[in-house]
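To start, the structure under review is shown below, and the notes come after it.
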């Protein structure tokens with residue numbers, strides 16, 4: 001059903017293929033957890049130099065671990081704590097060049113050096129975040145952040161009809 005792809009071309013061309021793969025993978029399925037699980041697996045296969053990718057979902061005013069790829073992770077994150085909790089509180093994408101310089105960073109994996117967190121919505125309502133960690137300082141840059149935000153928009157389109 002799904003074969004591992006070799007991504008080539010410019011970063012934008014690679015992401016264009018990734019976005020098409022995500023859309024095809026999620027079309028016809030209506031389960032939210034399945035969408036998040038496949039999205040994290042797809043990103044884990046696509047992204048280079050990462051050590052964790054996954055989702056945290058809002059439950060009772062905190063973030064709770066959802067589908068992910070990587071080592072076991074922190075299960076609960078309060079709003080306003082760490083990069084994920086801060087991204088939820090500010091309702092915006094956060095790109096952190098060096099997590100050890102981020103006030104209140106929660107070290108779920110000591111190998112992580114940089115991180116990007118993107119809020120996720122379902123029918124316009126904030127439901128959680130996509131969290132990606134890298135063992136390399138300054139791994140995520142503005143162009144890739146924008147392309148990952150577009151990935152999330154495609155995911156959100158499918159989440160709107162998911163249960």
Discussion item. Quick check on my filter: what residues within the stretch 22-37 are more than 10 Å from residue 158 (Cα to Cα) and surrounded by fewer than 17 Cβ atoms within 10 Å (Cβ to Cβ)?
Written reply: 24, 33, 34
Worksheet item: Hey, does the stretch 89-101 have a residue that's under 25 Å from residue 60 (Cβ atoms) and assigned to a helix (DSSP H, G or I)?
Response: yes
Worksheet item: Does at least one position in the stretch 129-144 carry a residue that is surrounded by fewer than 18 Cβ atoms within 10 Å (Cβ to Cβ), without any contact (Cβ under 8 Å) to a residue 40 or more places away in the chain and on the phi > 0 side of the Ramachandran plot?
Response: no
Item to complete: Among what's in the stretch 38-50 and is within 12 Å of the chain's Cα centre (by Cα) and under 21 Å from residue 112 (Cα atoms), pick the residue that is surrounded by the most Cβ atoms within 10 Å (Cβ to Cβ).
Response: 39
Discussion item. Quick test of your reading of the structure: residue 37 fulfils all but one of (1) at pLDDT 95 or above; (2) closer than 20 Å to residue 144 by Cβ. Name the failing condition by number.
Written reply: (2)
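Each row is one residue, and each column tells you yes or no for (1) under 25 Å from residue 108 (Cα atoms); (2) assigned to a strand (DSSP E or B); (3) without any contact (Cβ under 8 Å) to a residue 60 or more places away in the chain.
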| position | (1), (2), (3) |
| --- | --- |
| 8 | no, no, yes |
| 12 | no, no, no |
| 17 | no, no, yes |
| 24 | no, no, yes |
| 28 | no, no, yes |
| 38 | yes, no, yes |
| 42 | yes, no, yes |
| 49 | yes, no, no |
| 55 | yes, yes, no |
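Yes/no per residue for (1) crowded, with 19+ Cβ neighbours inside 10 Å; (2) at pLDDT 95 or above; (3) touching a helix residue (DSSP H, G or I) at 6+ places or on another chain (Cβ under 8 Å):
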position	(1), (2), (3)
100	no, no, no
106	no, no, yes
118	yes, yes, yes
125	no, yes, no
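The values are calculated or read from the model by the stated rules, or taken from the named source; none is laboratory data. Just so we're clear, the structure is a prediction, and the values are computed from it rather than from any experiment. For neighbour counting, all protein chains shown are included, and Cβ atoms are generated from backbone atoms with ideal geometry for every residue, glycine included.
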